[in-house]
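Engineer: Shown below is the structure under consideration.
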Amino acid sequence: MSQFTRNCLLGCAATAALAAGGMAQAQVAVVGAARPAAAAAPAPEAAQVQEIVVTATRRSETLQSVPAQVTALNNDTLTRLHASTFNDFATMVPGLSFQSNSPTNNLIAIRGVASSTAELGSGVAIYLDDVPLGASTQFGLGSQAFNFNLFDMERVEVLNGPQGTLYGANALGGALKYVTTPPDPSAFYGRIETEGSTTDHGSLNDGLRFMVNMPLLNNTAALRIDALQ
């Protein structure tokens, strides 16, 4: 092979290598140029998660911090559900079931644990704030004797599973806790709610509920009044 031919072959190989390198660099440049364009696109706004504070462990803490299964229904949620009594929201709570013995009395079960005629005791503790409700003896047959109207209730907490350490021996299945709205010393305001209905071959049905919050002593104390009819 002559010197000219050998030099030509080497030159052609070098040219091909440079061309291949140039193509590779061009591809990298294109990919690198696409990254700033993607980064420059406006990112969707992160969803705002509402912080829910509960007192399931006898102290105020966020729902995410409670080491147990807790369902919390605040006043806004109860209003959207048009829930005025226990029967109106009970079907929305996982693990909670009930049997209505009368319009004001229910036999409640959480995770299938409830009282029976054989046990003659309650399996679910009922609390209004920090006050236990219901029969303290076996003669109560485990029934919920108080079916609260949920007007102006701050929230309802349902605790699944045994809660005996914090809520006593009657909380083998869990606990149902009604938390009332505390007085607000920062402002004067009120709320009125009415309802009406008719029944075939019967009379009119109506209801009236109102709440008033009154600051006292230069906004250092407050009085909150709820009335139902």
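The values are calculated or read from the model by the stated rules, or taken from the named source; none is laboratory data. Just so it is clear, the structure is predicted and the values come from calculations on it, not from any experiment. Backbone-built Cβ (ideal geometry, glycine too); neighbour counts: all protein chains shown. To get the accessible areas, we keep the full protein, side chains included, count just its heavy atoms, and leave off ligands, DNA and RNA. Shrake-Rupley method; radii C 1.70, N 1.55, O 1.52, S 1.80 Å.
Engineer: Report S60's accessible area, 1.4 Å probe, all protein chains in place, as a number in Å² to the nearest 10.
Structural biologist: 90 Å²
Engineer: If packing is taken as the mean number of other Cβ atoms within 10 Å per residue, what is the order of 148-156, 194-202, 173-181, highest first?
Structural biologist: Peptide ranking by packing, descending: 173-181, 148-156, 194-202.
Engineer: Given H placed 1.01 Å from N in the peptide plane, which residues other than close sequence neighbours of I126 have an amide H under 5 Å from its amide H?
Structural biologist: Distant-sequence amide H within range of I126: L133, L176.
Engineer: Residues in region 164-203 near a label at D226, defined as backbone nitrogen under 12 Å from the 7 Å Cα→Cβ point?
Structural biologist: Under cut-off, by backbone N: 178-183.
Engineer: Calculate the translational D of region 59-105 in whole µm² s⁻¹ from Stokes-Einstein, where the hydrodynamic radius comes from the Kirkwood formula applied to all Cα pairs, the temperature is 4 °C and the viscosity 1.567 mPa s.
Structural biologist: Stokes-Einstein gives a translational diffusion coefficient of 103 µm²/s.
Engineer: A further question follows. Just want the answer: with Cβ charges of +1 for Lys and Arg and -1 for Asp and Glu, which residue in L176, G161, Q229 is farthest toward the dipole's positive end in region 159-229?
Structural biologist: Going by the Cα projections, it comes out as G161.
Engineer: If I model a spin label as a point 7 Å beyond the Cα along the Cα-Cβ vector, how far apart are those points for D76 and N219 in nm?
Structural biologist: Rounded to a tenth, the inter-label distance reads 2.4 nm.
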